[in-house]
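What follows is one structure encoded as structure tokens, with my remarks underneath.
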Amino acid sequence: MIRLLNADILSTPAIRLDGQQVYLRPAQVKDWRDWADLRERSRDFLAPWEPTWPADALLRPSFLRRVRRQAAEWRNDEAYSFLIFERSSDRLVGGIGLSNIRRGVAQMGTMGYWVGKPHARRGYTSEAAIVALGFAFGQLGLHRVEAACLPTNQPSQGLLEKVGFVREGYARGYLRIDGRWADHVLYAILRDDWRG
């Protein structure tokens, strides 16, 4: 279910996507402290799976640039980024997004996600993925959503398969992760595969 919220001047559109135990909404300036605290507490947990963090990654000015960039990406139909919150407590647990939106004959995008270490293995990210796919195939009208993860990231592969993604291949030197070019396992789901 989509619920519109009041817009913040630096924020992306005021939208909220609700699941059973989580809800998704775009980042707002007021989220900086909770976001930075969760990312800092989870640094060792996240670093092996992500691009190298810049020195100012968790500082407020960097977060404000992130919010502005995400707002521009929404306006330009390039990417749709959300934070993931636990519904019962409004506590931030992670993030998920649809990026590299391609229109025309492609009608596809790429899904990426992260979860804070204290909230891993609780089903939050898989539910967030289901909610985000509903948005991708419904509101955005995409035909295909792709995702990729490191071959050693068994939890991520399990999550993708659980929500309906199909393993399609293997890409050598696909993304620069934790300071080095890394191979990735490639997944995709089509609107026709989606069971919602």
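For residues in the range 96-114 being under 13 Å from LEU24 (Cα atoms) and free of Cβ contacts under 8 Å to residues at least 60 places away in the same chain, which is surrounded by the most Cβ atoms within 10 Å (Cβ to Cβ)? Filtering the range 96-114 for residues that are under 13 Å from LEU24 (Cα atoms) and free of Cβ contacts under 8 Å to residues at least 60 places away in the same chain, the one surrounded by the most Cβ atoms within 10 Å (Cβ to Cβ) comes out as LEU98. Within the range 127-162, the set of residues being within 23 Å of LEU175 (Cα to Cα), of a type in the set (A, V, I, L, M, F, W, C) and not in a helix (DSSP H, G or I) comprises VAL145, ALA147, ALA148, CYS149, LEU150. Selection of the range 45-81 for residues being in contact with a Leu (Cβ under 7 Å, 6 or more places away or on another chain) and within 25 Å of GLY179 (Cα to Cα) yields TRP49, LEU64, VAL67, ALA79. Determine whether the range 169-182 contains at least one residue that is at pLDDT 95 or above and within 25 Å of LEU83 (Cβ to Cβ). No, the range 169-182 has no match at all. Can you name the condition, by its number, that GLU86 falls short on among (1) surrounded by fewer than 19 Cβ atoms within 10 Å (Cβ to Cβ); (2) in contact (Cβ under 8 Å) with a residue 24 or more places away in the chain; (3) over 24 Å from TRP49 (Cβ atoms)? Status for GLU86: all satisfied but (3).
Cβ separations smaller than 6 Å between residues 6+ apart or across chains give the following pairs from the range 33-46 residues that are assigned to a loop (DSSP other than H, G, I, E, B) to residues that are modelled with pLDDT of 95 or more: SER42/GLY116; SER42/LYS117.
The values are calculated or read from the model by the stated rules, or taken from the named source; none is laboratory data. Every value quoted in this text rests on a predicted model; they were computed, and no experiment measured them. Cβ: placed from backbone, ideal geometry, glycine included. Neighbour counts: every protein chain shown.
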